[in-house]
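The values are calculated or read from the model by the stated rules, or taken from the named source; none is laboratory data. Given the structure is predicted, the values throughout are model-derived calculations rather than measurements. Neighbour counts run over all protein chains shown; Cβ positions are idealised from the backbone, glycine included. For the accessible areas, the whole protein counts, side chains as well, though only heavy atoms, and no ligand, DNA or RNA atoms are used. Shrake-Rupley method; radii C 1.70, N 1.55, O 1.52, S 1.80 Å.
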Amino acid sequence: QVQLVESGGGLVQAGDSLRLSCTASGPTFSSYALAWFRQAPGKEREFVAAIRWYDASTYYRATVKGRFTISRDIAESTLYLEMNSLKPEDTAVYSCAARTGEIHTLARSYDYWGQGTKVTVSS
């Protein structure tokens, strides 16, 4: 099975930057899509960004496009989410997820999940 472990969350102020990491272990990701989701207090989990492992093709939620960058390091088997110009609305628990095949935006389409890392953005 795929195992995913997130890190890098913390408390920052609006306008700051933060870089999240998701280290993977298990099978090859050559045919996988990996994604970041987030869940704010009292709200449903929502899609943030995703990347195809083999060619690094990406897709972003409209509200984060231009501020967030998803990337992967093949040698380190690590997924990243660089978050810039953070806003209080970005406060949430961020989780990485993996699925076989193409990028999807629905959480239920992903089969493997990390434990999540909390990001708090103060105003």
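The amide H of Gly116, built 1.01 Å from its N in the peptide plane, has Glu6, Cys96 as neighbours under 5 Å, considering only residues 5 or more places off or on other chains.
With an a/c value of 1.5 or above and a/b larger than b/c for the gyration tensor axes a ≥ b ≥ c computed over the alpha-carbon atoms, the range 31-87 is described as prolate.
Given a 1.4 angstrom probe, I'd like the percentage of the accessible area of the chain that is carbon and sulfur, rounded to a whole number. All intermediate terms of the calculation are to be shown ahead of the outcome.
Working: 2940 of 6420 Å².
Accessible surface attributable to carbon and sulfur in the chain totals 46 percent.
Looking at the chain, the accessible area is 52 square angstrom per residue; that uses a 1.4 Å probe and ignores ligands, DNA and RNA. When the label point is put 7 Å from the Cα of Ser30 along its Cα-to-beta-carbon vector, which residues of the range 57-72 have a backbone N closer than 18 Å? Label zone hits: 57. Length available on full extension from Glu82 to Ala56: 0.36 nm per residue minus the Cα-Cα distance, which gives 7.9 nm. Among the GluC sites (Glu not before Pro) within the range 1-85, which fall in a DSSP loop and have no more than 14 other Cβ atoms within 10 Å of their own Cβ? Those that pass, being in a loop and sparsely packed, are Glu44, Glu76. Bridges between two residues of the chain, per DSSP, are antiparallel at a rate of about 90%.
Nothing charged except the Cβ atoms of Lys and Arg (+1) and of Asp and Glu (-1): what's the magnitude of the dipole of the chain about its Cα centre? Round to the nearest 20 debye.
On the way: 13 positive and 12 negative charges, 51 e Å.
It works out to roughly 240 debye.
Relative contact order of the chain, taken over Cα pairs closer than 8 Å and 6 or more residues apart, is 36 percent.
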